[in-house]
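Participant: This is the structure I want to talk about, given as structure tokens.
Only the coordinates and a few stated rules stand behind these numbers; no lab work does. In this text, all values refer to a predicted model and were calculated from it rather than measured experimentally. All Cβ positions, even for glycine, are placed from backbone atoms using ideal geometry, and neighbour counts span all protein chains on display.
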Amino acid sequence: MRIGVLTGGGDAPGLNAVIRAVLKRAEEYGFEVVGIRYGWAGLLNMDTVPLKYSDVEDKVGEAGTVIKTSRTNPAKDEATMNRCIENFRKLGLDALIAIGGDDTLTAARKLHEAGLRVVGVPKTIDNDLKGTDYTFGFDTAVNAAMQAIESLKTTGRSHDRVMVVEIMGRHAGWIALYSGLAAGADLILIPEEPFKISDVVEFVKRKKPEKGSLTIVVAEGALIEDYKGPITKDVKVDQYGHVYLGGIGEFLAKEIEKATGFETRAVAPAHIIRGMSPTAFDRVLATRLGYAAVELVRKGVFGKMVALKGTEIVSIDLSEAVAETKLVDKSLIELKNALAS
Ligand code: F6P
């Protein structure tokens, strides 16, 4: 048995832990593993690297991915999909383990329907994949974001400033909400709940005099009511049609300062929260998922994604996994709003 493994989309702490677990389990069964470099691009370009457990044995705590990643879309048209299937055959692969988020796994589902023997492993710091309770990388990103917010709170307090912290999260505000709640932010703004600038200004005018300083957390994909879509850094889109988000923190900070006269600063930890050494939770989850993915391959079960449900690792159809985005629960939104009142 020869298994290909690839990592697609934005990297997430825990990817190397999955690869390590895949190699460990595969070697136990006597399977060969080949790394497909730069995500789907590696399959399109036949860019591969042989992998051994000893290569990654000590990388359980290392963020990033030893086999690199990219946002290449292998399902953008029929010719590209056919090339993937042809190259899978040319590389002599029996199975492919695709580790990725919504985009990577949507492509995996399409390729599976076209005949590819693929198993998915869910990954994204955004935690917005519906089929699993948590994705690895999320816990690490939340902890890193929490530390950043706490540190900005401290300096904000010294200067009696309003600090606006922009946190990654394209469609869902999981990281902003968890880190903001954990760090005791005064206000948390997420994509699930479009907001009015005038309401934020009113909140700052009311709260700042009593508190001295304020910390506002805003998810990069948060939406301003009556504004055309999210605030972006560039008009360019990637192969999946996503814009390059970023800038809402600065935008909001300027509006607050203009309307209130209070000194306001915007900071975006951005990719810093994606490169931290994974937490124990993420390492263990990633390891369990990697093992489970090889089990599915061994049993010849394809078109599935391994997932965390409660405390169990289960497998679900890829089509179910990517059917919709997992947004922040209503009860958590109510909790954060109650704390901001
Ligand atoms: O992978 C998810 C994510 O970190 C999002 O939170 C963010 O919008 C995006 O990736 C950033 O992508 P890139 O690394 O391509 O700038």
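Participant: Please give the strands (runs of 3 or more DSSP E) falling wholly within segment 255-341 in which 3 or more residues are of a type outside the set (Ser, Thr, Tyr) and closer than 18 Å to residue 126 by Cβ. Full working, then the answer.
Facilitator: Details: elements: 264-267, 304-309, 312-317.
It comes to 304-309.
Participant: Taking segment 70-106 only, how many residues are among the acidic types (Asp, Glu) and either within 16 Å of the ligand (Cβ to nearest atom) or not in a loop (DSSP other than H, G, I, E, B) (or both)? Spell out how you get there, then give the answer.
Facilitator: The first filter runs over segment 70-106 and keeps only residues among the acidic types (Asp, Glu), leaving 77-78, 86, 94, 102-103.
Adding the requirement that they be either within 16 Å of the ligand (Cβ to nearest atom) or not in a loop (DSSP other than H, G, I, E, B) (or both) leaves 78, 86, 102-103.
Qualifying residue count, segment 70-106: 4.
Participant: I've got another one for you. Considering (1) under 20 Å from residue 267 (Cα atoms); (2) away from the ligand (no atom under 12 Å from the Cβ); (3) part of a helix (DSSP H, G or I); (4) not polar (S, T, N, Q), say which one residue 199 fails and leave the rest.
Facilitator: With respect to (1) under 20 Å from residue 267 (Cα atoms); (2) away from the ligand (no atom under 12 Å from the Cβ); (3) part of a helix (DSSP H, G or I); (4) not polar (S, T, N, Q), residue 199 is out only on (1).
Participant: Here is a follow-up. Looking only at segment 243-289, count every residue that is touching a Lys or Arg at 6+ places or on another chain (Cβ under 7 Å), surrounded by fewer than 18 Cβ atoms within 10 Å (Cβ to Cβ) and under 28 Å from residue 75 (Cα atoms) and tell me the total.
Facilitator: Number satisfying all stated conditions: 1.
Participant: Could you list, in sequence order, the residues of segment 231-241 that are surrounded by 14 or more Cβ atoms within 10 Å (Cβ to Cβ) and within 10 Å of the ligand (Cβ to nearest atom)?
Facilitator: Residues of segment 231-241 surrounded by 14 or more Cβ atoms within 10 Å (Cβ to Cβ): 231-232, 238-240.
Residue satisfying the conditions is 238 alone.
Participant: Across segment 252-287, what is the total count of residues that are more than 16 Å from the ligand (Cβ to nearest atom) and of a type outside the set (Lys, Arg)? Let's see the steps before the verdict.
Facilitator: First, the residues of segment 252-287 that are more than 16 Å from the ligand (Cβ to nearest atom): 252-267, 277, 279-281, 283-285, 287.
Imposing the further condition that a residue be of a type outside the set (Lys, Arg) reduces the set to 252-253, 255-257, 259-264, 266-267, 277, 279-281, 284-285, 287.
Qualifying residue count for the region: 20.
Participant: Condition (residue is more than 17 Å from residue 176 (Cα to Cα) and touching a residue at least 60 places away in the same chain (Cβ under 8 Å)) applied to segment 206-224: is it met by at least one residue?
Facilitator: Filtering segment 206-224 down to residues more than 17 Å from residue 176 (Cα to Cα) leaves 206-213.
Subsequent filtering for residues that are touching a residue at least 60 places away in the same chain (Cβ under 8 Å) retains 213.
Yes, that holds for at least one residue.
Participant: Looking at segment 151-191, which of its residues are part of a strand (DSSP E or B) and of a type in the set (A, V, I, L, M)?
Facilitator: As a first pass, look at segment 151-191 and keep what is part of a strand (DSSP E or B): 162-167, 187-189.
Once the filter is applied, which keeps residues that are part of a strand (DSSP E or B) and of a type in the set (A, V, I, L, M), segment 151-191 yields 162, 163, 164, 165, 167, 187, 188, 189.
Participant: Right, something else. Any idea how many residues of segment 290-305 are under 17 Å from residue 28 (Cβ atoms) and surrounded by 14 or more Cβ atoms within 10 Å (Cβ to Cβ)? Walk me through it before giving the result.
Facilitator: The initial filter retains those residues of segment 290-305 that are under 17 Å from residue 28 (Cβ atoms), namely 290-299.
Then drop every residue that is not surrounded by 14 or more Cβ atoms within 10 Å (Cβ to Cβ), which leaves 290-298.
Count: 9.
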